[in-house]
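The structure under discussion appears below in the form of structure tokens.
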Amino acid sequence: MKPTAVLLPLLLLAASLAPHASSADGVRYDYKAYTECKGHPEPALYNGGILRWAKKIKDFRTADEGNYSPSFVLYNMSAGMAYSFSCWVKFNGPGTIHVKAKIMSLDNAGSQCLGTALVRNDCWSFLKGGFTLNSPSQTSVLYFQAATANASMVSIRSASLQPFSPEQWSQHREDRIQLIRKRFVNVHVSDSSGARVVGAKVAVHQMSRDFPFGSAISKTILGNKPYQDWFKKRFNAAVFENELKWYATEPAPGKEDYALADQLLQFVQSSDAVARGHNIFWEDPKYTPWWVKNLTSADQLRAAVAGRIESLLSRYKGDFVHWDVSNEMLHFDFYESRLGRNATTDFFRTAKRADPLATLFLNDFNVVEVCDDLSSSADSYVSRLRQLADAGVTFEGIGLEAHFAKPNIPYVRAVLDKLGTLRLPIWLTEVDISNALDPKTQAAYLEEVLREGFAHPSVDGIMLWTAMDASAACYQMCLTDGNFTNLPAGDVVDRLLGEWQTREVLGATNDRGSFNFSAFLGEYKLSVTYLNSSAEGTFSLARSDDTKHITIRLQP
């Protein structure tokens, strides 16, 4: 069936975007989101934005066996604009279903998913997403699609569509970076009697960064001094590409080999970096050790997994800041299909007892990368976390692999908004861009993803998936060539690392004896000189809304 044959009979409302070209002037992005199902919908974000005329919308009856609902018709959509969409959704039918919001350009019949929600019939669910268009569209249709055919009626409330220009979107990110990644500092200098000192020279040097920004490494870095020096110069966090996975540390039953993992850990610790533990279990049977797949009874498998946790975490207790306990469990269920639904609960409990100081993560793909994978929608992730919580697990961290083709940045932000409502650490754990794209395009998309992650208040760390193998190849994206000369993606990383740190601040105290500046979070060295007097010290900038006040008293 042609898309227009499905959609045209269902059009209810229309709006022209042309009069609203400046509608986002002065409008700040609203990070508000909800993951709980509510008895009544909240008011529309941005007062509805350019859909403020849609407040009278009530129930939409679905058509085509429950697959499509009536739609919003939008005229004169601009390319390059970031559109933020949200609404509250409910349906009249049994069980729980996913409802997608999609945008279709009738100029070229192309469509894309812009957001999803896991919807029930007894309360309202919040759908938040977004999109950009590759080319202008004279007529577009924003419509809703149920994942199953049992939704006899879809109800929409508080719909909102807010456009932002690229400049506005970028400015919002910069404002957030100033708010959450930097802090204002006031250095007050006095003499030995307590009188303010005017004109004292102040020098501030950043010694380390607070925000963890790192990369995957593999055994190829061992003994490779150019690679090691390149890594140490840039990153304060690391993750092993394969060397901690079960198939690597126990390739045959009882034949454990941690030699490579030990050496990699020693390198990371000598680099003053933190290490993520990836992973304890991988639910994908393709990456499960062959001998584990061949175990014939649940008791044998249960004994094997208990041995895996005990061996791994007793050896490395306190060495890894995180453990990806169950990798990609939103997509696969090797262990739960054999040990029962409580298997993951047992993994988390055992891991927490074995290493109480490590933060325990779930980790999965396609959560921020694409909108159409309902197995790993934001709501699916939240639902799984809540199932673990109901079973007694204190869930602690959200891992988002972030393997992108072309990123939909407004959608990425919306997903982070929703997951951020859980108030848990969120890490982008395996960031890269598909090698199906040329290097310059890879670099451009990578910069957008990194800027979005660094600026989002719920993201606590970023890891690149750029380990280099012996042939100077990487999983999808390398930062350098084999001689450690930057590729375009490496230039992006170096530029952002320079942009996101305060290497040096120089100045002098004013007529009140104070010197004020703003700096990125981290550890600093401070020196003050005036005539023949001087003082030195160190200070830390941790995340806070308050100004950091430092008092220096010079001695003669």
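Applying the selection to the range 520-547, what residues are crowded, with 18+ Cβ neighbours inside 10 Å and in a strand (DSSP E or B)?
The first filter runs over the range 520-547 and keeps only residues crowded, with 18+ Cβ neighbours inside 10 Å, leaving 520-522, 524, 526, 528, 530, 541.
Across the range 520-547, the qualifying residues are 520, 522, 524, 526, 528, 530, 541.
Filter the range 134-145 for residues that are within 28 Å of residue 91 (Cβ to Cβ) and open to solvent by 10 Å² or more (accessible area, probe 1.4 Å); which is modelled with the highest pLDDT? Before you say what the answer is, go through the steps one by one.
Residues of the range 134-145 within 28 Å of residue 91 (Cβ to Cβ): 139-145.
Filter once more, so that each one left must be open to solvent by 10 Å² or more (accessible area, probe 1.4 Å): 139, 145.
On the way: 139: 92, 145: 87.
By that ranking, first place goes to 139.
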* Residue under evaluation residue 206, criteria (1) buried (at least 19 other Cβ atoms within 10 Å of the Cβ); (2) of a type in the set (S, T, N, Q); (3) out of contact with any Phe, Trp or Tyr (no Cβ under 7 Å at 6 or more places or on another chain), criterion not met -> (3)
* So which pairs qualify, if the first residue must be in the range 356-379 and within 12 Å of residue 328 (Cβ to Cβ) and touching a residue at least 60 places away in the same chain (Cβ under 8 Å), the second must be among the β-branched types (Val, Ile, Thr) and surrounded by 24 or more Cβ atoms within 10 Å (Cβ to Cβ), the Cβ gap must be under 6 Å, and the two must be at least 6 apart or on different chains? -> 363/429
* Spot the failing condition for residue 515; the list is (1) aromatic (Phe, Trp, Tyr); (2) open to solvent by 20 Å² or more (accessible area, probe 1.4 Å); (3) under 29 Å from the mean Cα position of the chain (by Cα), and only one is missed. => (3)
* Which of the residues spanning the range 325-367 are farther than 28 Å from residue 296 by Cβ, open to solvent by 10 Å² or more (accessible area, probe 1.4 Å) and touching a helix residue (DSSP H, G or I) at 6+ places or on another chain (Cβ under 8 Å)? -> 365, 366
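Quick grid of which residues meet (1) assigned to a loop (DSSP other than H, G, I, E, B); (2) within 24 Å of residue 342 (Cβ to Cβ):
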residue	(1), (2)
368	yes, no
381	no, yes
416	no, no
424	yes, yes
428	no, no
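Rundown of residues vs (1) part of a strand (DSSP E or B); (2) open to solvent by 40 Å² or more (accessible area, probe 1.4 Å); (3) of a type in the set (Gly, Ala, Ser); (4) closer than 30 Å to residue 190 by Cβ, yes/no style:
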position	(1), (2), (3), (4)
443	no, no, yes, no
450	no, no, no, no
462	yes, no, no, no
468	no, no, no, no
476	no, yes, no, no
482	no, yes, yes, no
496	no, no, no, no
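How many of the residues making up the range 430-441 are part of a helix (DSSP H, G or I) and under 22 Å from the mean Cα position of the chain (by Cα)?
First, pick out the residues of the range 430-441 that are part of a helix (DSSP H, G or I): 439-441.
This time we only want the ones that are under 22 Å from the mean Cα position of the chain (by Cα), so: 441.
Going through the range 430-441 one residue at a time, the tally reaches 1.
The values are calculated or read from the model by the stated rules, or taken from the named source; none is laboratory data. Predicted model, so just to flag it, every value in this text is computed and none were measured. Please note: Cβ atoms are built from the backbone with ideal geometry, for glycine as well, and neighbour counts cover all protein chains shown. The protein model used for the area step is the full one, side chains on, heavy atoms only, and it has no ligands, DNA or RNA in it. Shrake-Rupley method; radii C 1.70, N 1.55, O 1.52, S 1.80 Å.
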